[in-house]
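Structure first, commentary second.
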Amino acid sequence: MANPLTPDVLVDPVELTRALVDIESVSRDEKVIADCVEDVLRSAGHLTVERLGNTVMGRTDLGREQRVVLAGHLDTVPINDNWPSTVVDDLIYGCGTSDMKSGVAIALHLAATLPDPAYDVTYLFYEAEEIESEFNGLRLVADSRPEWLRADFAVLLEPTYGAVEAGCQGTVTAVVRTHGRRAHTARAWRGVNAIHAAAEVLRRLEDYHPRTVTIDGCTYREGLNAVRVNGGVAGNVVPDECAVEVNLRFAPDRSEQQAHEHLREVFQGFDLEVVDSAPGALPGLDAVAAREFLTAIGVEPAAKLGWTDVARFAALGIPAMNYGPGDPSLAHAPDEHVEIGRIRDGAATLHRWLAR
Ligand SMILES: [Zn+2]
């Protein structure tokens, strides 16, 4: 197949968005798109290019004082009657238009057309963001090629509809267990009911006052919720065990460890087991490149409440933000689309920041 990402497509981030969308790349099937992107980066001449699986990295080595990363995932969720792309008025429809080939297009357009940026730039196009994290290209790079990610600041071009989302909240899932003693319900006084004992767990959840925390002007709203309850043996048995699964979303001023400790305090006296957790990420707005980025964008950052790959950079000590042209509420939707004007604005804005 001839590479559809030709020089005249690369100069136009809108055409490039369409071309990228029209290379099918559902998670685990990113070889073709990664080949095309690698080819573009290698022919740029001013980039050092490396590849790991279907993740491709191209970077300038101009000896600038600061290095920034522009990153985007190449994969999409499964196609849903929305491929290849179509254009209706000023909207491009199709799988991946918002999440996040319009963002990838902006980064790839800059990689190909900006040989002399104000910072050294690492462009990272990675695989398998939309599926289990064991396949996540950014995670694989962090594990085996952490030097690719070394930078002062990173921008992920995930859909934010032109807003800047800084940092992200962490998450912990834990199981709180209550114990009792089994007995026949006809002689219930011989037993201890573990489900009744869970009432205190639920009461603590109901009484819980989640914090609202503002860091660097970004407001994070925490939350602690029961998300599942398991218990019961049979219709005539006093149950001896009940498990309440709880999920804490925590602001990034707590470390993962502190979040675990916080849960142990809330459920003091109960048996608590952490089953899954991921750290949050501080907004990191004091990095020079981050401040200059915000000046160029000209919008106040907002907190990211969900967990995103931004946290993978934060774990390496690199402040990172999300900024992309797509509308996040359209991600994964059958009528997924992106506004052409947003793509042009995003490309022009990032160009202004990098070409300064
Ligand atoms: Zn995405």
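Just so it is clear, none of the values below were taken in a lab; they were calculated from the coordinates. Model, not experiment: these values are computed from the prediction. Heads up, the Cβs are rebuilt from the backbone with ideal geometry, glycines too, and the neighbour counts pull from every protein chain shown.
Observations on the structure shown:
- Only the Cβ atoms of Lys and Arg (+1) and of Asp and Glu (-1) were treated as charged; on that basis the dipole of segment 205-356 about its Cα centre amounts to roughly 780 debye.
- All Cα pairs of segment 144-222, percent lying beyond 19 Å: 68
- Pairwise FRET efficiency - Ala348 versus Val26, Cβ, R0 = 30 Å, nearest 0.05: 0.45
- Relative contact order, percent, the chain [alpha-carbon distance under 8 Å, six or more residues apart]: 23
- Value of relative contact order over segment 21-145, rounded to a whole percent, pairs C-alpha under 8 Å and six or more apart: 32
- Only Lys, Arg (+1) and Asp, Glu (-1) charged, at Cβ; segment 134-231 dipole about Cα centre in debye: 1040
- The fraction of all Cα pairs in segment 282-339 landing in successive 10 Å bins from 0 to the largest distance is 20, 43, 30, 7, given as whole percents.
- A viscosity of 1.306 mPa s and a temperature of 10 °C, combined with the Kirkwood radius over Cα pairs in Stokes-Einstein, give a translational diffusion coefficient for segment 167-267 of 105 µm²/s.
- Kirkwood Rh (inverse of mean 1/r, distinct Cα pairs), segment 217-282, angstrom: 13.9
- Rg and Dmax of segment 136-175, Cα atoms only, in Å: 13.7, 38
- Scanning residues 5 or more positions from Leu70 or on other chains, those with amide H under 5 Å from its amide H are Thr122, Tyr123, Leu124, Val155, with H placed 1.01 Å from N in the peptide plane.
- Simple rule: put +1 on each Lys or Arg Cβ and -1 on each Asp or Glu Cβ in the chain, find the dipole, and look at Thr55, Thr17, Gly191; the Cα lying farthest toward the positive end is Gly191.
- Cα convex hull of segment 226-345, projected area averaged across orientations, nm²: 12.0
- Each residue of segment 96-157 gets 90 Å³ once the volume of the Cα convex hull is shared out per residue.
- Once the convex hull of all Cα atoms in segment 1-130 is built, its volume per residue stands at 102 Å³.
- Share, in percent, of DSSP beta bridges within segment 21-92 that are antiparallel, nearest 5: 90
- The chain, Rg to Rh (Cα coordinates; Rh as Kirkwood inverse mean 1/r): 1.08
- Segment 258-299: radius of gyration and largest Cα-Cα distance (Dmax), Å: 18.1, 52
- The P(r) of segment 315-356 has a tail past 17 Å containing 50 percent of all C-alpha pairs.
- The residue list Gly306, Val338, Leu316 was ranked by how far each Cα lies along the charge dipole of segment 275-356 toward its positive end, using unit charges on Cβ atoms, and Leu316 comes out on top.
- Burial order of peptide ranges 273-281, 60-68 (average beta-carbon count within 10 Å, highest first): 273-281, 60-68
- 14 Å cut-off, amide nitrogen to a point 7 angstrom out along Asp286 Cα→Cβ, residues in segment 189-219: 215-217
- Packing-based ranking of 311-319, 168-176 yields 168-176, 311-319, ordered from highest to lowest mean Cβ neighbour count within 10 Å.
- Relative to the globular-protein estimate of 2.2 N^0.38 Å, the Cα radius of gyration of segment 97-251 stands at 1.64.
- About the Cα centre, charge dipole magnitude for the chain (Lys/Arg +1, Asp/Glu -1 at Cβ), debye: 1260
- Summed side-chain charge close to Gly191 - residues other than Gly191 whose Cβ falls under 15 Å, Lys, Arg +1, Asp, Glu -1: +2
- Of the residues Tyr208, Ser98, Trp148, the one whose Cα sits farthest towards the positive end of the charge dipole of the chain is Tyr208 (charges of +1 on Lys and Arg Cβ, -1 on Asp and Glu Cβ, taken about the Cα centre).
- Choice from His332, His184, His109 showing the highest fluctuation, given a GNM over the chain with Cα pairs closer than 10 Å: His184
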